[in-house]
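*Asks:* Sharing a structure here in structure tokens format.
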Amino acid sequence: MTLSPTSSAEDIITHLRAQRSQENLAGMARFGIVTDTALGLSNVELHRVARQVKIDHARALQLWQSGIREARILAAFTAAPKMLTLDQARRWVEDCNSWEIVDTVADLFVTARFEQVLIPEFAADGREFVRRMAFAMIATAAVHLKKEPDASLLALLPLIEQYAEDERNFVKKAVNWALRQIGKRSAACHGPALALAGKLAGGNDRTARWIGKDAFRELSSDKIRARLGIHDGFAEDTER
């Protein structure tokens, strides 16, 4: 079947089912990807499909409703950020049952510029994948919102500190990811993020210590400091 921008959600799902790979499913499971509704297509293949079918928000909503892992990733790839609503975003996060889906959808939510509303809301939610979404959005925003003032990202450090004691695997890894991405964003962000990493590393909670030590190790590395123009604790003025 040849896919195009006029292909329906049903056409796309039929194409995906035809590409099913049992071998890939076994590999995905080893990486902690939930495969209950998966077909085993790689993200490389899904990006190729997304390029063929283009953006179609109504169709993306239909793909999401299918519940199929690959269809949901395609939904995130082909939804229109400007048409996505907060209610739709909240409904999607309710359905997320895998770190991979969370991290893919986080990019869409940040592109839609929902981070100011949804990050604190999702962080306060006790469900593992909803809370992960908050910190995946922080990590994504730190990398992709290049025009956003650094202060907006630094304002999220207290959330990282607040939830650094959540020992659940997919939360603690996302909290760590968020802290590291803020710290690598710029020289201005590096110092406060490194300071928080050091504070967490020296604390009493085991999970917070792991997050802090891992982030401190990366942020204090010569490679990161050199990339940010930081030498002996000072950032070089790269504009001169």
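*Asks:* Taking the Cβ of Glu218 as the centre, find all other residues whose Cβ is under 9 Å away and add up their charges (Lys, Arg: +1; Asp, Glu: -1). Numbers along the way, then the final one.
*Replies:* Details: positive: Arg180, Lys184, Arg217, Lys223; negative: Asp214.
Combined, the nearby Lys, Arg, Asp and Glu give +3.
*Asks:* I've got another one for you. Is segment 21-173 rounded, prolate or oblate when judged by the Cα gyration tensor, a ≥ b ≥ c being the square roots of its eigenvalues, rounded requiring a/c under 1.5 and prolate requiring a/b larger than b/c? Could you put the intermediate results ahead of the total?
*Replies:* Working: a/c = 1.90, a/b = 1.32, b/c = 1.44.
Oblate is the answer for segment 21-173, as a/c is 1.5 or above yet b/c matches or exceeds a/b.
*Asks:* Something else now. What percentage of the solvent-accessible surface of the chain, computed with a 1.4 Å probe over protein heavy atoms, is contributed by carbon and sulfur atoms?
*Replies:* Values: 6150 of 12090 Å².
Roughly 51 percent of what the probe reaches on the chain is carbon or sulfur.
*Asks:* For Leu3, what charge total do you get from the other residues with a beta carbon under 11 Å from its beta carbon, if Lys and Arg give +1 and Asp and Glu give -1? Don't skip to the answer; put the middle values down first.
*Replies:* Working: positive: Arg48, Arg51, Lys54; negative: Asp11.
Charge balance near Leu3 sits at +2.
*Asks:* Tell me the relative contact order for the chain as a rounded percent, counting alpha carbon contacts under 8 Å between residues six or more apart. Spell out each step's value before the answer.
*Replies:* On the way: 331 pairs, mean separation 27.1, N = 240.
Computed value for the chain: 11 percent relative contact order.
*Asks:* Here is a further query. Given the rule -39500 (n - 2.57) for each run of at least 4 DSSP H residues, summed and divided by the residues of the chain, what is its mean residue ellipticity at 222 nm, to the nearest 500 deg cm²/dmol? Don't skip to the answer; put the middle values down first.
*Replies:* Details: 15 runs with 162 residues, N = 240.
Mean residue ellipticity, 222 nm, calculated: -20500 deg cm²/dmol.
*Asks:* I would also like to ask the following. Size of segment 94-180 along its principal axes in angstrom, Cα-based, largest extent first?
*Replies:* Per principal axis, max minus min of the Cα coordinates gives 32, 25, 20 Å.
*Asks:* Placing one identical point scatterer on every Cα of segment 139-212 and ignoring solvent, what is log10 I(q)/I(0) from the Debye formula at q = 0.19 Å⁻¹?
*Replies:* The Cα Debye sum returns log10 ratios of -0.68.
*Asks:* Right, next: Rounded to the nearest 0.05, what FRET efficiency is calculated for Ile33 and Ala151 with R0 set to 51 Å and r the Cβ-Cβ distance? Each step should come with its number before you reach the end.
*Replies:* Numbers: r = 36 Å, r/R0 = 0.70.
Efficiency for this residue pair is about 0.90.
*Asks:* For segment 20-25, in order, what is each residue's ³J(HN,Hα) by Karplus, 6.51 cos²θ - 1.76 cosθ + 1.60 with θ = phi - 60°, in whole Hz (x at glycine and Pro)?
*Replies:* 3, 10, 5, 5, 5, 4
*Asks:* Considering every pair of different Cα atoms, what Kirkwood radius, in Å, is found for segment 1-68?
*Replies:* Numbers: mean 1/r = 0.0793 Å⁻¹.
Here the Kirkwood hydrodynamic radius works out to 12.6 Å.
The values are calculated or read from the model by the stated rules, or taken from the named source; none is laboratory data. As the structure is a prediction and not an experimental result, all values here were calculated from the model. Cβ atoms come from the backbone with ideal geometry, glycine included; neighbour counts cover every protein chain shown. Accessible surface areas use protein heavy atoms only, side chains included; no ligands, DNA or RNA. Shrake-Rupley method; radii C 1.70, N 1.55, O 1.52, S 1.80 Å.
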